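Peer 1: First the structure, which I've put down as structure tokens, then a few questions once you've had a look.
Read-outs throughout are calculated quantities, based only on the coordinates presented, and are distinct from any laboratory measurement. Nothing here was measured: the structure is a model prediction, and the numbers come from that model. No Cβ is skipped: glycine too gets one built from the backbone with ideal geometry, and neighbour counts run over all protein chains shown.
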Amino acid sequence: MDETHRGRITKDGIRIYEDADYAGMHAAGKIAAQILDEVGPLVVPGATTEEIDAFITRRVVELGTVSATIDYKGYKHASCISVNYVVCHGIPGAKIPGHKDDKLVDGDIVNIDVTVIKDGWFGDSSRMYFAGQPKKFAERLVQVTHDCLMFGIEQVKPGNTFDDIAGAIQEHAHKNRMSVVRDFCGHGLGRVFHAPPNVLHYVPMRRPGDSAPVLEEGMFFTIEPMINLGRPETKVLADDWTAITKDKKLSAQFEHSIGVTATGCEIFTLSPAGLFYPSFGG
């Protein structure tokens, strides 16, 4: 049997994985999370994003995995490193928008996103770090973004819909007078990097009779809200990767890979050292 095509497909095109598949996702997710644990002490003023990515690239290989992002649609790095008002897909080694070069400065907020492949399974996670001492409003943005993710995860159980996840995220962001990025979303994964469904972090307008897919045991996907201090609109720069907030106000993101179980969900990318948040200060 072709391992890429195990399990059934729902009417919405979402693959339903089997009980034995959770172990593979946990193994891949644990390594992605371990790398994100290990990289924390490197996120300091004066460090370059190129140096941080070089460390990640080395650890991906040393831990017996393959980077999912190197050579993905021409991308050349084992991580995305997004600083301050970069929403996602920041390129290591490239000039940080708003900075002179790729060097971190005191007060930067930094998202690092890593995806590894372990025995054919994809482990995908990102989290926030502080370089030095953040401003209070930046620290609050990071806290609210983390909480948005966790409120979304609380909604993951059979019978709920993807709009329940989105609604919990959107409600918490708006309650804190922050906005939810609409141009990027979470995704299905498993034996592939990106697959249905698109996991929105806001509740879209729907036509009468149209509804969000219902969650079922065996669905694997990411939840990865990007929350902005200002407006939700984004712009992709000329490199065709780096996305920034149009108003150049700060953005933050946290991401976990999730599997739906009979009674709720399992998080595949939990931090082995308990550093998912806060993931700074050692």
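Peer 1: Could you list the trypsin sites (Lys or Arg not before Pro) in region 89-169 that lie in coil according to DSSP, counting only those with at most 14 other Cβ atoms within 10 Å of their Cβ? Don't jump to the answer; show the numbers that get you there.
Peer 2: Working: sites: K95, K100, K103, K118, R127, K135, K136, R140; in loops: K95, K100, K135.
For trypsin sites (Lys or Arg not before Pro) across region 89-169 that sit outside H, G, I, E and B with at most 14 neighbouring Cβ atoms in 10 Å, the list reads K95, K100, K135.
Peer 1: Further question on the same structure: With a cap of 16 neighbouring Cβ atoms within 10 Å, and only residues DSSP puts in a loop, list the trypsin sites (Lys or Arg not before Pro) found in region 164-210.
Peer 2: Values: sites: K175, R177, R182, R191, R206; in loops: R177, R182, R191, R206.
Listed in order of number, the matching sites are R177, R182, R206.
Peer 1: Excluding P196 itself, calculate the net charge of residues whose Cβ lies under 15 Å from the Cβ of P196, where each Lys or Arg counts +1 and each Asp or Glu counts -1. Could the numbers behind the result be given before it?
Peer 2: Working: positive: R8, K11, R15, R191; negative: D12, E216.
Computed value for this residue: +2.
Peer 1: R0 = 25 Å: FRET efficiency of V214 with N176, Cβ-based, nearest 0.05? Numbers along the way, then the final one.
Peer 2: Numbers: r = 29 Å, r/R0 = 1.15.
The formula returns an efficiency of 0.30 here.
Peer 1: GNM on the chain, C-alpha springs below 10 Å: top fluctuator among M150, M219, M205?
Peer 2: Most flexible of the set in this elastic network: M205.
Peer 1: Something else about it: Could you please report the charge total around H187, scoring K, R as +1 and D, E as -1 over all other residues with beta-carbon less than 11 angstrom from its beta-carbon? Spell out each step's value before the answer.
Peer 2: Values: positive: none; negative: D124, E224, E255.
Its environment carries a net charge of -3.
Peer 1: Using helices alone, what [θ] at 222 nm do you get for the chain, with -39,500 (n - 2.57) per DSSP H run of 4 or more residues, divided over all residues and rounded to the nearest 500? Walk me through the numbers before you get to the answer.
Peer 2: Working: 4 runs with 66 residues, N = 282.
Per the formula, -8000 deg cm²/dmol.
Peer 1: Compute the relative contact order of region 152-225 as a whole-number percentage, counting only Cα pairs closer than 8 Å that sit 6 or more residues apart in sequence. It would help to have the intermediate numbers written out before the result.
Peer 2: Values: 118 pairs, mean separation 30.3, N = 74.
41 percent.
Peer 1: If you don't mind, another one. Label region 1-79 by shape, choosing from rounded, prolate and oblate, from the square roots a ≥ b ≥ c of the eigenvalues of the Cα gyration tensor; if a/c is under 1.5 it is rounded, and otherwise prolate applies when a/b is larger than b/c, oblate when it is not. Walk me through the intermediate numbers first.
Peer 2: Numbers: a/c = 2.72, a/b = 2.13, b/c = 1.28.
Prolate shape, in that a/c is at least 1.5 and a/b is the bigger ratio.
Peer 1: Could you compute the net charge surrounding Q155? Neighbours are other residues with a C-beta less than 10 Å from the C-beta of Q155; K and R count +1, D and E count -1.
Peer 2: Numbers: positive: K157; negative: E154, D163, D164.
Within the 10 Å Cβ shell, the charges total -2.
Peer 1: In the structure displayed, which of K30/K103; K11/K246; K76/K248; K157/K246; K95/K175; K73/K246 lie more than 32 Å apart, Cα to Cα?
Peer 2: Details: K30/K103 29 Å; K11/K246 36 Å; K76/K248 26 Å; K157/K246 35 Å; K95/K175 34 Å; K73/K246 25 Å.
With Cα atoms farther than 32 Å apart: K11/K246; K157/K246; K95/K175.
Peer 1: Which of the listed residues, G13, V156, I244, is farthest toward the dipole's positive end in the chain, when Lys, Arg count +1 and Asp, Glu count -1 at the beta-carbon?
Peer 2: Farthest along the dipole direction, towards plus: I244.
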